[in-house]
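Engineer: There's a structure below that I have some questions on.
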Amino acid sequence: MDRRKSEAPAGLSKERAEYLRRKKARRRWVLCCQWGLLLLLVALWEVLARLGIIDSFILSQPSRIWRTWATMFVEGELWLHLWVTVYETLVGFLLGVLLGVGLAILLWWSDFVAKVSEPYLVVLNSLPKIALGPVIIIIVGAGTEAIIFMALAISLIVTVLEMLGGFRRTDRDAIRMAATFGATKSQIFRKIVLPSNIGTLFGSLKINIGLSLVGVIAGEFLVSKAGLGYLIVYGGQVFKLDLVMASVIILSAVAALMYEGVVLLQRLVMKHRATTE
Amino acid sequence: MDLLRVQDITESYQAENGEIFALDHISFSMGKGEFLSIVGPSGCGKSTLLSIIAGLLPPSSGSILLDGQEVHGVDPRIGYMLQKDNLLEWRSIWKNVLFGLEVRRQVNEETTRRARRLLQSYGLWEFREKYPSQLSGGMRQRAALIRTLATSPEILLLDEAFSALDYQTRLTVTDDVYRILKKERITTIMVTHDIPESISMGDRVLILTRRPAQVRELLEIDFGPERTPLTCRGDPRFSRYFDHIWKELKSDG
C-alpha cells in the first residue's frame, strides 16, 4: 500500500511531484548520514589507535577486530559460537512465547486462577531473574539446558503479563456481540479475543527476542563451553580485548537481525490476514 | 396465538453497594411482524429487559415464551443488535456478515445464499470485499443488521441501535431498517430514549416507569398501513402521540 502511495501516477500535480521528490531525497540523505557517521567513527577509532592516543590493548582497534574475525572465520570457530548462541536464544524465545501465551490464556479463562496467582506474578516479575542462576544450574545442570532455562525465566513472566493485559482490554461490546449469537467461551477467544490481540502478540515478541538474548548471554557468562557470551567472558579473562570487541559487535548484529526477523514475520502475517479474511 | 409472550418478568441483582430492583412484573405479548418500541426514563432497566429476552441474563422470576414454549438461554430464533455495530475490523464485510452463522456453525449453501441476497437487496453487495473502516456509519449499521438477519431470527431486539449515528444518517437508516424489517416480516422490539423514534417506527409503544420498572402504558400507534418512519413524522397525529408519551414520562419523574 505504501508503494502505491509513493509511486507517481501519470496525472500528478507539479506540487505533489515536488513534495514526493523532496521526501525521497530527505530519506536518502538520512541514510547517507547514518552510514557516514558509522564510517567516520570507525576511521577515527583506527587512526587514534595507530597514533597511540587511545590504548588499543584495552579498547582494541578496527583492524585488529577485523583480523580476529578473519581468523575465527578460517578456523570455523565463528559459526560454531554464533550458532550456539542463536540456537539457545531461539529455543528460549519459542518456549517463552508458547508457555507465556498458554499461561495467559489460562489466566484469561479462569478469573479465579488469575486472582490467586496475582501476587506471585507481581513478585516474579520484579525479581531479577539472573539471581536464579545458581538455582537453575543446580536443578537442570550446568549445560545448554541451564542457559535456555535462563532465557525462558527472563522472558516468560513479561509475556504472560503483556498478553493477559491485551486479552483483558479486548472490546467488551465485541465480546457481547458474539455472546448474542450464543458464542461459547472458546469461540469468543478464537474469533474475538485472539484476533484483536495480534498487535499485542507481536509487541511482546519484539520485547521477548531481546530478553531471550539477555538471558542467553547471562547464562553463557555463568556456564558454557561455546557461544558469544562464552567468547566475551573468555576474552575478558585472558585479556584478549580484540576477541571481546569482535564478539560484542557480532552480538549486536545478531540482536538486530533477530529483531528484524520478528518485524518481517509480523508483516507476513498481516499481509496473509488481509488476503485471507 | 402470540409469537412472543413476556410473562411476569421480575429482575433484581446484587451489586457492591446493595440490591438493585430493576424490573417489576413486566408482561406483554407480540404477534408476528409487529414492531414494539420501549421507552422509559433513563436507567429504568429497558436494556436489562432486552438482555433477559435475548437470554443473556436469567430473570429472577417470570418467563419468556416463544411460540408458547419457554425459552432458556440464547435462542437462535431471537436476534439482538447492540448500540455499536461491533463489526470486526480484521474481517471483510462479507466475513463480518457471516460471523453469526459461523458462531452457530450454520454456514452452508442455503445460509450463504440468504446472506448474499440480503447484501444485494440492501445495497452492500459491491462493498463485500471492503473492510468496516472503509464504510460510512450508516452502511456499517446496515451491515450489522444483515449479520443478525443472516441467522434468520423470528424476533429482533434493537438496543438503542441507532443512537451512535448522527441525526441525518439516523433518519435514513431507521427508514431503511424499517423497510427491511417489514419486508422480511420480522417481529421487532426496539429500546430507545428517543420519543420521536419510538413513535415513527412502533406499531405500539411500551412506556415503562422509573426503576423498578413497571408497565405504565401500552400505547397503540395508528398511522394507517402506508406509513414509513419518515412520512409519519409529518402526520398531525405524530405530535399528539409525542405529547402523550412526554406527559406520561414526565409525570413519573
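The values are calculated or read from the model by the stated rules, or taken from the named source; none is laboratory data. The shown structure was predicted, so the numbers you read here are calculated from the model rather than taken from an experiment. Positions of Cβ are backbone-derived with ideal geometry, glycine not excepted, and every protein chain shown enters the neighbour counts.
Engineer: Would you confirm whether or not segment A:202-211 contains a residue that is surrounded by 19 or more Cβ atoms within 10 Å (Cβ to Cβ) and either among the charged types (D, E, K, R) or more than 21 Å from A:L95 (Cα to Cα) (or both)?
Structural biologist: No; the residues of segment A:202-211 include none that is surrounded by 19 or more Cβ atoms within 10 Å (Cβ to Cβ) and either among the charged types (D, E, K, R) or more than 21 Å from A:L95 (Cα to Cα) (or both).
Engineer: Which of the residues belonging to segment A:81-129 are within 24 Å of A:S247 (Cβ to Cβ), β-branched (V, I, T) and surrounded by fewer than 17 Cβ atoms within 10 Å (Cβ to Cβ)?
Structural biologist: If the condition is that a residue be within 24 Å of A:S247 (Cβ to Cβ), β-branched (V, I, T) and surrounded by fewer than 17 Cβ atoms within 10 Å (Cβ to Cβ), then no residue fits.
Engineer: Could you check, for segment A:102-111, whether at least one of its residues is over 29 Å from A:T200 (Cα atoms) and of a type in the set (A, V, I, L, M, F, W, C)?
Structural biologist: no
Engineer: Follow-up question, since we're still on this one. Take the residues in segment B:1-38 that are polar (S, T, N, Q) and assigned to a strand (DSSP E or B), then tell me which one is modelled with the lowest pLDDT.
Structural biologist: Residue satisfying both the conditions and the ranking: B:Q14.
Engineer: Another one. Considering only residues that are of a type outside the set (V, I, T) and assigned to a loop (DSSP other than H, G, I, E, B), which ones fall in segment A:136-181?
Structural biologist: A:G141, A:A142, A:G143, A:R169, A:D171, A:F181
Engineer: Only one residue in B:Q69, B:Q83 is within 15 Å of the chain's Cα centre (by Cα) and polar (S, T, N, Q). Which one?
Structural biologist: B:Q83
Engineer: Kindly check whether there is at least one residue in segment A:201-217 that is within 12 Å of chain B (Cβ to nearest Cβ) and closer than 30 Å to B:L82 by Cα.
Structural biologist: No, there is no match, as no residue in segment A:201-217 is within 12 Å of chain B (Cβ to nearest Cβ) and closer than 30 Å to B:L82 by Cα.
Engineer: Next question, about the same structure. Which of the residues spanning segment B:149-166 are polar (S, T, N, Q) and either within 15 Å of B:Y178 (Cβ to Cβ) or at pLDDT below 90 (or both)?
Structural biologist: Scanning segment B:149-166 gives a single hit, B:S163.
Engineer: So, one more: Output the residues belonging to segment B:17-42 that are loosely packed, with under 14 Cβ neighbours inside 10 Å, over 19 Å from B:E70 (Cβ atoms) and among the hydroxyl-bearing types (S, T, Y).
Structural biologist: Listed by number, the list holds a single entry, B:S42.
Engineer: Evaluate the following for A:A246: is it assigned to a helix (DSSP H, G or I), under 12 Å from the mean Cα position of the chain (by Cα) and more than 14 Å from chain B (Cβ to nearest Cβ)?
Structural biologist: No, not satisfied.
Engineer: Within the bounds of segment A:175-188, is there any residue that is closer than 30 Å to B:V97 by Cβ, surrounded by fewer than 16 Cβ atoms within 10 Å (Cβ to Cβ) and small (G, A, S)?
Structural biologist: Checked against the condition, which is being closer than 30 Å to B:V97 by Cβ, surrounded by fewer than 16 Cβ atoms within 10 Å (Cβ to Cβ) and small (G, A, S), segment A:175-188 yields at least one hit.
Engineer: Right, next: Within segment B:192-220, which residues are of a type in the set (D, E) and either under 22 Å from B:R179 (Cβ atoms) or not assigned by TED's automatic domain parsing to the domain that holds B:E248 (or both)?
Structural biologist: B:D194, B:E197, B:D203, B:E220
Engineer: Pairs, please: C-beta under 8 Å, at least 6 apart or cross-chain, first residue more than 14 Å from chain B (Cβ to nearest Cβ) and in segment A:263-274, second among the basic types (K, R)?
Structural biologist: Matching pairs, first to second residue: A:V263/A:K206.
Engineer: Between a first residue in segment B:174-197 that is farther than 15 Å from B:C232 by Cα and a second residue that is β-branched (V, I, T) and not in a loop (DSSP other than H, G, I, E, B), which pairs have beta carbons less than 6 Å apart while being 6 or more apart in sequence or on different chains?
Structural biologist: B:L181/B:T188; B:T187/B:I155; B:V191/B:I38
Engineer: Taking the options A:S247, A:S186, A:S204, A:S196, name whichever one is in contact (Cβ under 8 Å) with a residue 12 or more places away in the chain and either touching a Lys or Arg at 6+ places or on another chain (Cβ under 6 Å) or within 30 Å of B:R77 (Cα to Cα) (or both).
Structural biologist: None of the others qualify; the one that does is A:S196.
Engineer: Still on this structure: Within segment B:1-16, how many residues turn out to be of a type in the set (S, T, N, Q) and buried (at least 22 other Cβ atoms within 10 Å of the Cβ)?
Structural biologist: Total meeting the criteria: 0.
Engineer: Restricting attention to segment B:87-139, which residues are within 12 Å of another protein chain (Cβ to nearest Cβ) and among the β-branched types (V, I, T)?
Structural biologist: Once the filter is applied, which keeps residues that are within 12 Å of another protein chain (Cβ to nearest Cβ) and among the β-branched types (V, I, T), segment B:87-139 yields B:I93, B:V103.
Engineer: Out of segment B:130-177, which residues are touching a Pro at 6+ places or on another chain (Cβ under 7 Å) and buried (at least 19 other Cβ atoms within 10 Å of the Cβ)?
Structural biologist: Selection gives B:R140, B:T151, B:T174.
Engineer: Another question, then. So which residues in segment B:62-86 are of a type in the set (S, T, Y) and more than 8 Å from chain A (Cβ to nearest Cβ)?
Structural biologist: Passing the criteria: only B:S63.
Engineer: Being more than 11 Å from chain A (Cβ to nearest Cβ), of a type outside the set (D, E, K, R), part of a loop (DSSP other than H, G, I, E, B) and over 19 Å from B:F162 (Cα atoms) narrows it down to one of B:P59, B:P41, so name that one.
Structural biologist: The conditions single out B:P59.
Engineer: Yes or no: segment B:146-155 includes at least one residue that is of a type outside the set (V, I, T), within 14 Å of chain A (Cβ to nearest Cβ) and either over 17 Å from A:T180 (Cβ atoms) or touching a strand residue (DSSP E or B) at 6+ places or on another chain (Cβ under 6 Å) (or both).
Structural biologist: yes
Engineer: Continuing with the same structure: Report yes if A:L78 is surrounded by 12 or more Cβ atoms within 10 Å (Cβ to Cβ), more than 30 Å from A:V158 (Cα to Cα) and either assigned by TED's automatic domain parsing to the domain that holds A:R267 or at pLDDT 90 or above (or both), otherwise no.
Structural biologist: yes
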